[in-house]
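Accompanying notes for the structure given below.
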Amino acid sequence: MAKHNPGDILTSDWNPVVGCQRYSAGCRDCWWLDGIMPWQIRLGNLPKIVVEGQPTDVEARFDPAKLRPKKGIVGVVQHGDLFWDKVPDATIDRVLDIVDEVAAEREARNRRRQEGRPLDTTKYVLWSKRAERMADTMARRYPKGVPAHLACGVSIENQALADERLPHLLRMQGRRFVMIEPMLGPIDLAAYAAVDWVVLGSETGTDRARPMDLDWARTVRDFAVARFIPFFVKQVGPSHKSPVRTLDGRTWDEFPDGFVK
Ligand code: SF4
């Protein structure tokens, strides 16, 4: 479970839409397509019609009651990419309508809470490799800026993809973060410093996982530390089962203000 995995930034996730298609270098050994998807089908948690290359709406999950109990830091559509061009705009809106509805209920409860009772600070995070569509969608849906209960991330693997995608991240008004996983090359984020969080991780999961040079991670760490940007390292080694989480003798488990796992 994500909550109990110290290398995961999420407390839990919610996946009303599943499915994806390999898109860039980091997708080569996609953990979802190659691992979670066939396993969940075998368990009967996903219908057998789920296949690579086609998004599937899991109707039973399109229900605010399924999202309401999830608290902390909740990943929205982790089992795919919500901004993949095969996912219709109407489906994206359906997903975000439920997130906004449940967040509004929480805010109302926070306003009514008795003095001394803790605030419910639950945050919903989305991240995507399809940065241009994500930024376009957020601008259309939230012309005054992305609401505070949402954080938008863009996933990158190397410098070329950073330069292609991160300008779109910076078009989004609101809480935004960079997800570098799997890190497949050195990345200089100097042109993209206006972000609220940097998360980094090596490739894991298969015996052909491409190794991450620790100096690549150090460069990103030094960038984040110098600018007081919260920095989180998921893992730096190739093993998912025995993750190495320390970089130069310590772990990096920083979250933006108000994010409580
Ligand atoms: S974008 Fe993510 S979910 Fe989609 S194929 Fe690539 S790694 Fe897998």
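Place a +1 charge on the Cβ of each Lys and Arg in segment 138-261 and a -1 charge on the Cβ of each Asp and Glu, then give the dipole magnitude about the Cα centre in debye, rounded to the nearest 20.
560
Checking the table K3/K144; K66/K234; K3/K234; K71/K144 against a 22 Å threshold on Cα-Cα, which pairs fail?
Numbers: K3/K144 32 Å; K66/K234 27 Å; K3/K234 13 Å; K71/K144 26 Å.
Listed pairs above 22 Å: K3/K144; K66/K234; K71/K144.
Return the single residue from N110, N15, N158 with maximal mean-square fluctuation; model: Gaussian network over the chain, springs between Cα atoms under 10 Å.
N110
State the dimensionless ratio Rg/Rh of the chain (Rg: radius of gyration of Cα atoms; Rh: Kirkwood radius).
0.94
If you take the square roots of the eigenvalues of the alpha-carbon gyration tensor of segment 1-117 and sort them as a ≥ b ≥ c, do you get rounded (a/c under 1.5), prolate (a/b over b/c) or oblate?
Working: a/c = 2.13, a/b = 1.68, b/c = 1.27.
Judged from the Cα gyration tensor, segment 1-117 comes out prolate (a/c at least 1.5, a/b above b/c).
Please arrange K129, K261, K86, K144 by counting, for each residue, the other beta carbons lying within 10 Å of its beta carbon, fewest first.
On the way: K129 21, K261 17, K86 13, K144 7.
Final ranking by Cβ density, sparse to dense: K144, K86, K261, K129.
How far is it, in nm, from the label point at F62 to the one at D248 when both lie 7 Å from their Cα along the line to the Cβ?
It is 4.9 nm.
Please rank L150, L214, fewest neighbouring Cβ atoms within 10 Å first, as an exposure proxy.
Lowest count first: L214, L150.
Which of the aspartates and glutamates could a cross-linker bridge to K48, judged by Cα under 18 Å and excluding same-chain residues fewer than eight apart?
Answer for K48, where 18 Å is the Cα cut-off: D34, D57, E59, listed by chain and number.
In the neighborhood of I156, defined by Cβ-to-Cβ distances under 11 Å, what is the net charge if each Lys or Arg adds +1 and each Asp or Glu adds -1?
Residues near I156 contribute -2 overall.
Run the numbers on the chain and let me know its relative contact order in percent, using alpha-carbon pairs under 8 Å that are six or more apart. Intermediate results must be reported in sequence, preceding the final value.
Details: 465 pairs, mean separation 41.8, N = 261.
This gives 16 percent for the chain.
In debye, nearest 20, what is the charge dipole magnitude of the chain about its Cα centre with +1 on Lys and Arg Cβ and -1 on Asp and Glu Cβ, if you could check?
Result for the chain is approximately 740 debye, rounded to the nearest 20.
How would you rank R112, R141, going from fewest to most other Cβ atoms within 10 Å of each one's own Cβ?
R112, R141
The numbers here are math on the coordinates, done by the rules we state, and not lab data. Just so you know, these numbers come straight off a predicted model, no measurement behind them. As a convention, Cβ positions derive from the backbone with ideal geometry for all residues, glycine included, and neighbour counts pool all protein chains shown.
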